[in-house]
1. Could you identify the single residue in 83, 130, 52 that is under 27 Å from residue 23 (Cα atoms), within 13 Å of the ligand (Cβ to nearest atom) and in a strand (DSSP E or B)?
2. Consider segment 1-30. How many of its residues are touching a Leu at 6+ places or on another chain (Cβ under 8 Å) and assigned to a loop (DSSP other than H, G, I, E, B)?
3. What pairs come out if I take residues in segment 128-149 that are modelled with pLDDT of 95 or more and pair them with residues that are within 6 Å of the ligand (Cβ to nearest atom) and of a type in the set (Phe, Trp, Tyr) whose C-beta lies under 7 Å away, six or more apart or interchain?
4. Which ones in segment 203-224 are within 22 Å of residue 173 (Cβ to Cβ) and assigned to a helix (DSSP H, G or I)?
5. Restricting to segment 1-44, name every residue that is among the β-branched types (Val, Ile, Thr) and away from the ligand (no atom under 12 Å from the Cβ).
6. So in segment 151-186, with the set limited to residues that are crowded, with 16+ Cβ neighbours inside 10 Å and farther than 23 Å from residue 223 by Cα, which one is farthest from the ligand (Cβ to nearest atom)?
7. When you scan segment 86-113, how many residues do you find that are over 16 Å from the mean Cα position of the chain (by Cα) and not in a strand (DSSP E or B)?
Amino acid sequence: MSSEPKYKRVLLKLSGEALMGDGAYGIDPDTVERVSTAIKQATEIGTEVCVVCGGGNIFRGLKGAAQGIDRTTADHMGMLATVMNALALQNALEQQDVDTRVLSAIPMANVSEPYIRRRAIRHLEKGRVVIFAAGTGNPFFTTDTAAALRAAEMNCNALLKGTQVDGVYDADPKTNPDAVRYDELTYMDVLRQDLKVMDASAISLSRENNIPIVVFSIHTDNGLLDMLTGQGICTVVKESDAE
Ligand code: UDP
C-alpha cells in the first residue's frame with residue numbers, strides 16, 4: 001500500500017451537517033473529534049490541509065430571510081455560524097496536537113487571524129492545518145463557493161467534499177437500493193444534470209481553475225486517508241480527458 005498522498009495540498013469542504021452527528025442541530029463533539037482524527041491522518045502522510053466549514057447546522061441565511069430577517073443580516077449571521085464551527089474544529093485538532101490556525105474572512109481580531117492569502121500559504125507550508133471561517137465574507141454566497149475560491153487561491157490540487165455517502169449517485173442511495181455511484185463525472189455533467197455535488201458557482205469556479213472535486217465519505221473510518229492514498233471509494237469531478 002502506498003502512503004504517498006495523491007494530492008499534495010487539498011481543501012476540505014465540511015458542511016455544517018458534517019459536524020452535527022445524528023442530532024438535528026448544532027455541533028456534536030464526538031463527530032468533530034472523528035473528523036479531526038481524519039484530518040490528522042491526512043497531515044501525517046504529508047498532505048497540506050486547509051478546511052472551509054459551513055454553518056448550516058446552526059444558521060442559514062436563506063432560512064433566516066424566509067422568517068423575515070433582512071437577507072444581508074441573515075447571511076452575516078450564517079457566516080458567524082461558520083466561525084463557531086471553525087473554532088470547534090480547531091479546538092478538537094489542537095487536542096490531538098495538530099497545529100491549527102483559523103483565518104476569518106470577517107476580521108475578528110480577538111478570536112482568529114484575518115484572512116490574508118500569503119499568511120495562509122505560509123501556515124500550510126509549515127504543516128499547519130488552516131481553517132477558513134466566515135465563508136467569502138460576502139452575503140449572497142455559500143461556503144461551497146468559498147471552498148472553490150480558497151482552493152484556487154491556495155493552489156490546491158483538489159477540492160474534497162466530505163459527505164455522508166461515498167460519492168455521487170444517480171439517485172439517493174439512502175432511499176433507493178438500486179442507486180448507482182459514478183466513479184467519474186465532468187463538471188458539465190454535474191451542471192447539466194443538476195447533480196447535488198456543490199452549488200453551481202462552486203462547480204464553475206473549480207472548472208475554470210481546473211481543480212478536481214473529490215466527493216467521499218467523511219464518516220467512514222479512514223475514509224479521508226484511504227481516498228488520499230488511492231484506496232478509497234469516491235467520485236471525481238473533473239474535465240474529461242477529451243475536453
Ligand atoms: N454565507 C454567506 N456568504 C458566504 C458563505 C456563507 O453569506 O460566503 C452564509 C449564508 O447565509 C449561508 C450560511 O453562511 O446560509 C452558512 O453557510 P452554508 O449554507 O454554505 O453552510 P453549509 O450548507 O455548508 O453547512
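1. Residue meeting the stated conditions: 52.
2. 5
3. Taking only residues 6 or more apart or on different chains, the pairs are 135/141.
4. Selection gives 203, 223, 224.
5. 10, 31, 32, 35, 37, 39, 43
6. Looking at the filtered set, the residue picked out is 154.
7. 15
Residues checked against (1) in contact (Cβ under 8 Å) with a residue 60 or more places away in the chain; (2) surrounded by 15 or more Cβ atoms within 10 Å (Cβ to Cβ):
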{"site": "7", "(1), (2)": "yes, yes"}
{"site": "22", "(1), (2)": "no, no"}
{"site": "27", "(1), (2)": "yes, yes"}
{"site": "84", "(1), (2)": "no, yes"}
{"site": "98", "(1), (2)": "yes, yes"}
{"site": "102", "(1), (2)": "no, yes"}
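The values are calculated or read from the model by the stated rules, or taken from the named source; none is laboratory data. What you see is a predicted model; the values in this text were computed from it and never measured. So basically every Cβ, Gly included, is an ideal-geometry build from the backbone, and we count neighbours across all protein chains shown.
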